[in-house]
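Accompanying notes for the structure given below.
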Amino acid sequence: MQFGGSSFAINGLFRRSPALKTSNTLERHIWESNKFWAGIICCALSGCTSLGLRDDDEYGRARRAIESRSDGNGNFIRPEGRRAESKSTGVLESIKTSMGMDPKPKDIEKAKTIYAQAEALFEEAKGLEGDQRAARFDAAAKKFDEAAKQWPSSYLEQDALMMAGESYFFSEHYPKASERYTKLAKEYPRNRYQDRVDRRRMEIGNFWLQFPDKFYHLNLVDRKRPWNDTKNYGKKELEKLRLDSPTGKISDDATMVIANTAFLEERWTEALDTYNDLILTYPGSKHLFDAHLMGLQAALQSYAGPEYSQEPLEQAEKLLKNIVKFPEESRREKESIDRAYTDLQNYRAGYEFNRAMFRYNRGEGKAARMYCENILRDFSETAYAEPTRELLTKLEGMPDTPTRYLQSLTTLFPENDKFKPLIRPLPAEAVDSQRSDEISRTADRNSPYGASNGNNVGRR
């Protein structure tokens with residue numbers, strides 16, 4: 001135990017002298033007790049580190065060493081943004097720094113001056129209208145961009161990127177606004193504007209989703225939209241929002257919009273996957289019931305028929321079981337849920353009936369009857385109940401397995417058993433083979449290693 005500057009005094013005060021040494025047990029107990037309580041008192045007075053009292057300067061230096069990088073003079077510099085963090089760990093950047101090569105010199109005073117000019121233009125643009133308003137916001141955005149370049153990896157660059165995005169947003173130049181918001185979210189994932197950035201990107205994405213133009217439709221006049229494929233750009237904007245801010249306040253809203261867009265475009269599998277993603281990722285979202293209901297419809301629509309996989313039906317059944325967790329909403333949408341349940345039962349019965357017909361056409365009466373019994377037991381209220389009864393009537397005289405014609409011809413062809421001869425052996429050959437087997441078994445019993453097979457080769 002360390003006692004700071006008082007450790008020497010304590011050891012000197014309580015070091016036992018020869019005169020105090022005695023064989024008396026009681027005296028030794030008193031001595032140890034006094035030494036213990038004196039140590040506790042000294043810890044309280046001097047600040048013992050082992051009791052949780054830490055040196056603030058030492059703790060601060062350790063924390064800065066972990067979270068920051070040194071400039072070579074012992075001064076720790078807190079990195080701002082991912083670009084600065086990558087520089088602090090990159091070997092190439094370390095070599096450039098040691099050689100005095102800085103590709104992006106900082107001019108802090110100039111950056112602050114330009115930023116102040118941009119703010120003045122921004123405030124001036126608020127009181128204007130029409131084209132003058134848009135032109136002044138554009139001028140402010142360019143100034144904010146210039147200020148950000150003068151002082152990269154700084155708090156001022158964060159503010160400048162945000163204000164440049166806001167300027168382009170209010171001038172209705174949405175593609176450029178989206179670029180600034182995306183750069184801010186990528187470079188500074190923990191910036192203080194994240195909620196506002198998410199709302200702006202949500203508005204831009206929803207606006208672009210209204211235009212169903214294709215990639216070959218060029219836009220050369222409307223600055224509110226990208227130069228082509230506007231709807232797809234809107235979808236990408238919402239997807240980037242989800243990736244850049246997965247725990248944001250409106251990330252579940254963006255996920256729901258993406259899923260609904262895929263649903264309206266009849267991309268059923270994509271819609272189902274996105275609904276399931278929302279249910280799994282955002283268990284507290286207000287869209288949970290709608291995601292279950294719409295996901296159920298998407299699963300049923302994605303089912304391709306009885307000749308294909310049953311996975312969509314399994315997912316639909318899972319969603320249907322979980323939808324009862326929302327009693328009030330379920331009662332409100334009872335008609336839709338009942339209709340989905342009926343469709344699911346019919347699809348499952350159709351899958352079983354298709355398998356029964358397959359066995360019937362192959363002449364496998366036993367297997368076909370088994371599938372028919374399953375249908376009448378589990379899906380008796382579906383539209384396949386009556387065709388199943390008719391099929392059972394046809395199966396009454398059918399044998400369990402199909403009749404094999406020209407069975408004798410199969411003996412002319414080799415089988416998978418490599419030890420079975422192509423031609424039936426003569427009686428004398430059979431006797432010789434039996435005698436050889438007996439000799440081999442006798443040798444195996446007499447062998448100290450047991451049966452003489454491939455596993456015993458090389459044993460010692």
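The values are calculated or read from the model by the stated rules, or taken from the named source; none is laboratory data. Remember, predicted model here, so these are calculated numbers, not experimental data. Cβ sites come from the backbone with ideal geometry, for glycine too, and all protein chains shown count toward neighbours.
Couple of notes before you dig in:
- Failed item in (1) crowded, with 21+ Cβ neighbours inside 10 Å; (2) under 30 Å from Asn219 (Cα atoms); (3) among the charged types (D, E, K, R), with Glu157 passing the rest: (2)
- Boolean, Phe137 is out of contact with any Ser or Thr (no Cβ under 6 Å at 6 or more places or on another chain) and either under 27 Å from Tyr233 (Cα atoms) or surrounded by fewer than 21 Cβ atoms within 10 Å (Cβ to Cβ) (or both): no
- Among the candidates Ser302, Ser309, the residue that is of a type in the set (Ser, Thr, Tyr) and closer than 18 Å to Glu265 by Cβ is uniquely Ser302.
- Among the residues of the stretch 280-318, those identified as closer than 21 Å to Glu333 by Cβ and in contact (Cβ under 8 Å) with a residue 40 or more places away in the chain are Phe289, Leu293, Leu296, Gln297, Leu300, Tyr303, Pro312, Gln315.
- Residue list for the stretch 200-218, restricted to those being in contact (Cβ under 8 Å) with a residue 12 or more places away in the chain and not in a loop (DSSP other than H, G, I, E, B): Arg200, Arg201, Met202, Ile204, Gly205, Asn206, Phe207, Trp208
- Glu352 being acidic (Asp, Glu) and either out of contact with any Phe, Trp or Tyr (no Cβ under 8 Å at 6 or more places or on another chain) or surrounded by fewer than 17 Cβ atoms within 10 Å (Cβ to Cβ) (or both): no
- Lys394 passes every criterion in (1) farther than 30 Å from Ile279 by Cβ; (2) surrounded by 14 or more Cβ atoms within 10 Å (Cβ to Cβ); (3) free of Cβ contacts under 8 Å to residues at least 40 places away in the same chain apart from (2).
- Identity of the residue in the stretch 240-269, outside any loop (DSSP other than H, G, I, E, B) and basic (Lys, Arg), that ends up surrounded by the most Cβ atoms within 10 Å (Cβ to Cβ): Arg242
- Looking across the stretch 270-285, just one residue is part of a helix (DSSP H, G or I), over 13 Å from the mean Cα position of the chain (by Cα) and within 22 Å of Lys249 (Cβ to Cβ), and that is Tyr275.
- One residue from Asn232, Asn219, Asn228 being farther than 18 Å from Ala164 by Cβ and touching a Leu at 6+ places or on another chain (Cβ under 8 Å): Asn228
- Hits in the stretch 125-155 (condition: assigned to a helix (DSSP H, G or I) and over 23 Å from Pro175 (Cα atoms)): Gln150, Tyr155
- Restricting the first member to the stretch 344-358 and to residues that are under 12 Å from Ala316 (Cβ atoms) and modelled with pLDDT of 95 or more, and the second to residues that are small (Gly, Ala, Ser) and assigned to a helix (DSSP H, G or I), the beta-carbon pairs closer than 6 Å and six or more apart or on different chains are Leu344/Ala316.
- Here Tyr308 meets each of (1) at pLDDT below 95; (2) assigned to a helix (DSSP H, G or I) with one exception, condition (2).
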